[in-house]
Every structure is written in structure tokens, then in C-alpha cells.
Amino acid sequence: RVRDALNSEDLSIYHHLSLGLTAACTCHGSANTIGGENAIIKLRWGASPEGLLLEGQRPVQKFALGENVRQSNVTGPLRRYPATRMGVEQLIRDSFRAAEEYSREWAAYREKSQKDKTLVPPRRDLRLEPLVEILEGKRQLQVHAYRQDEILALIRTAENMGFKVEFFIHVLEGYKVAEALKNHGAMPTTFVDVWSGKAETFDGIPYNGALLYSQGLTTSFHSDFPVTYRQMNLEAAKAVKYGGVPEEDALKFVTINPAKQLRIDSATGSLEKGKDADFVIWNGNPLSTYTSCEQTWIDGRRYFDRDEDREMRASMEKQRAELLRKAAKGGKK
């Protein structure tokens, strides 16, 4: 679980506040077909690791498809299973079959233990329990994917085995399979102009987000920090440039739409009565490259103020200069 490794003192939390971000879905990497649990956090700078976590969040499990999983850049005996795209799909099928069997064992135990209190319960399996929750609709499934054939294969597997993929991330070839995504009920969160880093991203186009949006899909943009951008207001502006998405709807790509995808839109993502009062004050149109974030508020509390930031920087520069002066004199006053 990502929540077990959160570092609340990471300076990037403050950096993101200065860029107008209030919340984040923090994920591990994409080396495993079936990964771990994401953590949705509010950027409450100064809080403990537990204090960063968004209260009442629904668990989100991360899966991954493609070159990362099958280790396309590894050869010889160090390459592990699954080493092919077919193997990735088979691993997912086998794992969900095991989860179904595990669920039946526990159901049988709960029924029989009502009459026989001496029965020993089945051994808990922490790998299979999240998959059971996905099958029962209690846990969201997020899938790292790029290629249309892999996206289609997983959708067919999910529908065959009775679970749902809530949303795909990256999904650079989503424009090719928008109808299938919509029919399944999966939502896409994508990059705008990041591609050619590896073979499976070669068909990425900057119009992907606009095309998915045009098909009625709840579409969002994400940063994949620290690999790519984190100025999400400017990422939203690219939806206007590439595809002519209306400005108001483009802003939704980085506000209410990701909140809907993560099922946290009852708390954040828009300014409405009863929500958490997460908002940003800009000094101009947020879709302009000339605009800066002036203040960032979370839960009705101000966590970043550009004027205060300038004062703190000046104070730290003064302290630094004084320390250097003392060091130059050998610590003498």
C-alpha cells in the first residue's frame, strides 16, 4: 500500500501547492501486472503521513499492461514471467480465478461455522483479498495501458470474468477504442503531448484527450510526476489548443473529472456547497502561460501564499548569507 510509504516531508508537496494543486492520487510504478493500492492525498503541507490521506477514500488497485510488465528491455535468465502480452492477460485471468475460489472458500466457512464453532477458517491471502473486492465492486481498478489491443483484451477479460475497469491511465491509443471504453464504462486519464519514449507510445497524438471527450467520456489529464509535467492548468490549456475543447470543459480535465474518476467528487473537484473548500486563486486566466498561482486553499485553510513565500525566501537568503559570513571568519563573530 502506497499509504505505508508516504513521506509528508517531501518538498514536492509544497512545490505542487505553489502550482495550484490541492490533491493527488499517488501510485507506485508499473513493473507488475497486479500491483498495490494507491493513496489519494490532500497536499496538507506540514501534516503527518496519515494526515495527508483523504478521509473516506475508496481503495484503488493498480494494474499494469505493456512493455514495463513484460520487461521488453530485459533478456536472458533475468527475464521473468509474464514476458509476453498474452502472458499478462493469462496472469490476470488465473489470478481472478484464484480469487473466485478463495471467495467461495470463505463463504462456505462462514455458512458452516454458524453451526460448527470448531471449524478452522481458511488461511488469509492478502494478494487475493483485493481481487475479491474488485469482483464485488468494493475496490476500484486503475490500469496502466497504452496500446489499443491491450486495452481491448483487458476489457474483454473483465467482462468475461465479471469485474469492471474503472479507469485507464496513459491510454495513448484511447482514441482508437473510445467506443469500447464508453461501452464498458471505463474512464480515461491521459497525457497530452508525451510519446515516443518507448515503442508502445509511438501512436500517441495530442488530440487524444479531445477525441475521447468528444465521445462523451469523462476524460482527465494527469502528470505522472516526477516523470512528466506538474503544471496541470497548462496541461488543461492544451485541450483547447489540440482539439478546440471549450475552456470551461478543459478546466474540468484537471478538476472535477479526475475527482469523478477517483469517486471523490462529493468532497472536492468543484466549488459547491457542502464540499471541502479546495480552491486556487490565480492572477489571471488559469489557461494562460502568463498566469501564476497566488494562493492555494485546502479544507478552507490557506496552505500556500505567494507573498508569504517571497518573504520566507528573502528571510532564508538573509540567514544563508549570515551563515556564510560566519563560516568565512571561522565561526567568529
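The values are calculated or read from the model by the stated rules, or taken from the named source; none is laboratory data. Computed from a predicted structure; not experimentally measured. Quick reminder, even Gly has a Cβ in these numbers, built from the backbone with ideal geometry, and neighbours come from all protein chains shown. Note: areas computed on protein heavy atoms with side chains; ligands, DNA, RNA excluded. Shrake-Rupley method; radii C 1.70, N 1.55, O 1.52, S 1.80 Å.
Identify which of the listed values of Cα extents along the principal axes in Å was calculated from the structure shown: [x] 77, 54, 54; [y] 62, 44, 35; [z] 100, 52, 33.
[x]
If Rh is defined by the Kirkwood formula over all Cα pairs and Rg also comes from Cα, what ratio Rg/Rh do you get for segment 288-332?
Values: Rg = 16.7 Å, Rh = 13.1 Å.
A ratio of 1.28.
In the chain, if the dipole is taken from +1 on Lys/Arg beta carbons and -1 on Asp/Glu beta carbons about the Cα centre, which of Val227, Ser8, Thr289 is farthest to the positive end?
The listed residue farthest towards the positive side: Ser8.
Could you order the peptides 319-330, 142-153 from most to least packed, using the average number of other C-beta atoms within 10 Å per residue?
142-153, 319-330
Please calculate how many Å² of accessible area segment 218-333 carries per residue, with a 1.4 Å probe and no DNA, RNA or ligand atoms counted.
Per residue, segment 218-333 has an accessible area of 63 Å².
How big is D, in µm² s⁻¹, for segment 265-320 by Stokes-Einstein at 20 °C and 1.002 mPa s if Rh is the Kirkwood radius over C-alpha pairs?
Numbers: Rh = 13.0 Å.
After rounding, the answer is 164 µm²/s.
Taking all protein chains as present, what is the carbon and sulfur share of the accessible area of segment 163-234, in % to the nearest whole number, probe 1.4 Å?
Working: 1510 of 2930 Å².
On segment 163-234, the fraction of accessible area on carbon and sulfur atoms equals 52 percent.
Nearest-5 percent of antiparallel DSSP beta bridges in the chain? Numbers along the way, then the final one.
Working: 15 of 30 bridges.
Bridges in the chain are about 50 percent antiparallel.
When the helices in the chain are scored as -39500 (n - 2.57) per DSSP H run of 4 or longer and the sum is shared across all residues, what 222 nm value do you end up with, to the nearest 500 deg cm²/dmol?
-11000 deg cm²/dmol
For the peptides 42-52, 3-13, what is the packing order when you average, over each peptide's residues, the other Cβ atoms within 10 Å and list the highest mean first?
Output ranking for 42-52, 3-13: 42-52, 3-13.
For Glu200, Glu247, give me the order by solvent-accessible area with a 1.4 Å probe, most accessible first, ignoring ligands, DNA and RNA. Don't skip to the end; give the middle numbers.
On the way: Glu200 5, Glu247 100 Å².
These residues rank, largest area first, as Glu247, Glu200.
Can you work out D for segment 20-138 in µm² s⁻¹ from Stokes-Einstein, where Rh is the Kirkwood radius over C-alpha pairs, the temperature is 37 °C and the viscosity is 0.692 mPa s?
In µm²/s, the coefficient is 190.
Any idea what the dipole of segment 46-107 comes to, in debye rounded to 20, about its Cα centre with Lys/Arg Cβ at +1 and Asp/Glu Cβ at -1?
340
Angle between the Cα long axis of helix 85-112 and the longest principal axis of the chain, 0 to 90 degrees, nearest 10?
70
Rounding to the nearest 20 debye, state how big the charge dipole of the chain is about its Cα centre with +1 on each Lys and Arg Cβ and -1 on each Asp and Glu Cβ.
Approximately 1060 debye in magnitude.
Of all accessible surface on segment 1-45 at a 1.4 Å probe, what whole percent is carbon and sulfur?
Roughly 49 percent, rounded to a whole number.
Would you mind working out the magnitude of the charge dipole of segment 73-125 relative to its Cα centre, with +1 at each Lys and Arg C-beta and -1 at each Asp and Glu C-beta, to the nearest 20 Debye?
Its charge dipole is roughly 120 debye.
For the charge dipole of the chain, defined by +1 on Lys and Arg C-beta atoms and -1 on Asp and Glu C-beta atoms about the Cα centroid, which residue among Gly162, Ala178, Pro130 has the Cα displaced farthest towards the positive pole?
Toward the positive end, the furthest listed residue is Pro130.
Going by average Cβ neighbours within 10 Å, how do the peptides 237-245, 17-25, 118-126 rank, with the highest at the top?
Going by the mean number of other Cβ atoms within 10 Å, highest first, we get 17-25, 237-245, 118-126.
Sort out for me the Cα centre separation of segment 252-267 from segment 156-210, rounded to whole Å.
With segment 252-267 and segment 156-210 each reduced to a Cα centre, they are spaced 18 Å.
Which chymotrypsin sites (Phe, Trp or Tyr not before Pro) in segment 263-329 sit in a loop by DSSP (not H, G, I, E or B) and have at most 13 other Cβ atoms within 10 Å of their own Cβ?
Here the sparse-neighbourhood loop sites are Tyr290.
Suppose all protein chains stay in the model; what accessible area per residue would a 1.4 Å probe give for segment 1-111, in Å²?
50
Using Cα pairs under 8 angstrom and six or more residues apart, how large is the relative contact order of the chain, in percent?
Answer for the chain is 14 percent.
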